[in-house]
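Peer 1: Have a look at this one.
The values are calculated or read from the model by the stated rules, or taken from the named source; none is laboratory data. The structure displayed is predicted, hence computed values, not measured ones. Here Cβ is always computed from backbone atoms with ideal geometry, including for glycine, and neighbour counts include all displayed protein chains.
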Amino acid sequence: MTKTTLTISSKNYSSWSLRGWLLCEMAGLEFEEKLLSSSDAATRAELLLLSPSFLVPCLEHNGIKVWDTLAIAEYLQEVIPDSGLLPKDLKTRTHCRAISGEMHSGFSNLRAALPMNLKAHYPGFKIWAGAQADIDHIVSIWNDCFSRYKGPYLFGEHLTMADAMYAPVCTRFTTYDVELDEACDAYRKKILALPAMMKWIKAAKSEPEEFEELDMEF
């Protein structure tokens, strides 16, 4: 049987790696991690948002290679249909895909101004208008989901691909001390308290490698 591997980069800085890893965990997939070194030029380019394409995370499963987090999510839903990564109802499933796609392709100001950094904490961090507009839109998306599906996760009682897509945002909101309303703050805390997230965060905080470009800007 072909070994299943997930190639990722820094656990402290790589939001895309976290999404892919969390999707595999949520789907119940058994896999081995393959960690790329930060000395690799392509890895550094991705983490610093200097690369137009993202080749991590990359899942190799049953002789099939799939990269891009949305593609990984769709693949896992196909091969493990009971994973629940997508809701069963067509209307709800379409909504889940839509807000996952928004996270995948948008919020560039948030990504640039508040890069993922699990080791850091910036109390009272000054958030400028561009990033604040992205934060406001994310809060609007979350509250709309809570209103429609009643929580505790974005699409009700079960985790979906949308929760994996927005999980790095929960870490950013913590790192940069972003003020949230009660419902969104409760959701942030619930995501960060997931056993898989706690495992990832613990590993990230013990990671020896650091990126001066990301750490020295703040």
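Peer 1: Give the stretch 1-30 a look and list any residue that's outside any helix (DSSP H, G or I), touching an Asp or Glu at 6+ places or on another chain (Cβ under 8 Å) and hydrophobic (A, V, I, L, M, F, W, C), or say none.
Peer 2: Listed by number, the residues that qualify are Leu6, Ile8.
Yes or no, residue by residue, for (1) part of a loop (DSSP other than H, G, I, E, B); (2) not assigned by TED's automatic domain parsing to the domain that holds Leu36:
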| position | (1), (2) |
| --- | --- |
| Val56 | yes, no |
| Lys65 | no, no |
| Ala73 | no, no |
| Gln77 | no, no |
| Cys96 | no, yes |
| Asn109 | no, yes |
| Lys119 | yes, yes |
| Pro123 | yes, yes |
| Ala131 | no, yes |
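Peer 1: Here's another thing I want to ask about it. Would you mind stating whether Ala193 is over 21 Å from Thr69 (Cβ atoms), assigned by TED's automatic domain parsing to the domain that holds Leu110 and touching a Pro at 6+ places or on another chain (Cβ under 8 Å)?
Peer 2: It is false that Ala193 is over 21 Å from Thr69 (Cβ atoms), assigned by TED's automatic domain parsing to the domain that holds Leu110 and touching a Pro at 6+ places or on another chain (Cβ under 8 Å).
Peer 1: Please state which one of Ser147, Ser140 is loosely packed, with under 14 Cβ neighbours inside 10 Å, over 30 Å from Gly28 (Cβ atoms) and out of contact with any Gly (no Cβ under 8 Å at 6 or more places or on another chain).
Peer 2: Answer to the check: Ser140.
Peer 1: Limited to the stretch 155-177, what total is found for residues that are touching a residue at least 60 places away in the same chain (Cβ under 8 Å) and not in a helix (DSSP H, G or I)?
Peer 2: Of the residues in that region, 6 qualify.
Condition check ((1) at pLDDT below 95; (2) in contact with a Phe, Trp or Tyr (Cβ under 7 Å, 6 or more places away or on another chain); (3) at negative phi) across all residues:
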residue: Leu118; (1), (2), (3): no, no, yes
residue: Ala131; (1), (2), (3): no, no, yes
residue: His137; (1), (2), (3): no, no, yes
residue: Ala164; (1), (2), (3): no, no, yes
residue: Phe173; (1), (2), (3): no, no, yes
residue: Leu214; (1), (2), (3): yes, yes, yes
residue: Glu217; (1), (2), (3): yes, no, yes
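Peer 1: Determine the pairs where a residue that is among the aromatic types (Phe, Trp, Tyr), located within the stretch 190-203, has a partner that is surrounded by 15 or more Cβ atoms within 10 Å (Cβ to Cβ) with Cβ atoms under 8 Å apart, the partner being 6 or more residues away or on another chain.
Peer 2: Note: pairs meeting the criteria are Trp200/Lys11; Trp200/Leu18; Trp200/Trp21; Trp200/Leu22.
Peer 1: State which residue is surrounded by the fewest Cβ atoms within 10 Å (Cβ to Cβ) when the search covers only the stretch 16-62 and only residues that are among the acidic types (Asp, Glu) and either under 24 Å from Leu192 (Cα atoms) or modelled with pLDDT under 95 (or both).
Peer 2: Taking the candidates together, the pick is Glu30.
Peer 1: So, Ile141, is that one at negative phi, of a type outside the set (S, T, N, Q) and not in a loop (DSSP other than H, G, I, E, B) or not? It would help to see each step written out before you state the result.
Peer 2: Details: at negative phi: yes; of a type outside the set (S, T, N, Q): yes; not in a loop (DSSP other than H, G, I, E, B): yes.
Spelling it out, Ile141 is indeed at negative phi, of a type outside the set (S, T, N, Q) and not in a loop (DSSP other than H, G, I, E, B).
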